[in-house]
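Note sheet for the following structure.
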Amino acid sequence: MTESAAGSPADGDDRALADLRRTLAADDYGLEVTRAGTDVLARITAGPQACADCLVPPPIMRGILGRALGVAEESISVQYPAESELH
């Protein structure tokens, strides 16, 4: 998405997601968000230095994402890294 001079709700989403991505990156996690209509898939990936105890439980992450994106938590699916990917 590109930002217009006046800004748009999507621009706010981009900023909120950028803040969340920075927070996750501090613990070596990545975040990909895909929208399909009203549904949102948030895929969290783990880097080699990712902390297994640093992620909040999925229901809390759905709440954080719901507020950041302005969508209902029920429309968000969160995919966490497999236990084998965490260190």
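If we count every other residue with Cβ under 11 angstrom of Q49's Cβ, Lys/Arg +1 and Asp/Glu -1, where does the sum land? Within the 11 Å Cβ shell, the charges total -2.
Can you grab the distance from the C-alpha centre of the stretch 11-47 to the C-alpha centre of the stretch 61-82, Å, no decimals? Using only Cα atoms, the two centres lie 9 Å from each other. Annotation: amide H-H contacts under 5 Å for C51 (H modelled 1.01 Å from N, sequence separation of 5 or more, or interchain): none. So for the stretch 27-87: antiparallel DSSP bridges make up what percent, rounded to the nearest 5? DSSP beta bridges in the stretch 27-87 are roughly 65 percent antiparallel.
Computed from the coordinates by the stated procedures, all read-outs in this text should not be read as laboratory data. Computed from a predicted model, the values in this text were never measured in an experiment. Counting neighbours? That spans all protein chains shown, and the Cβs are built from the backbone with ideal geometry, glycine included.
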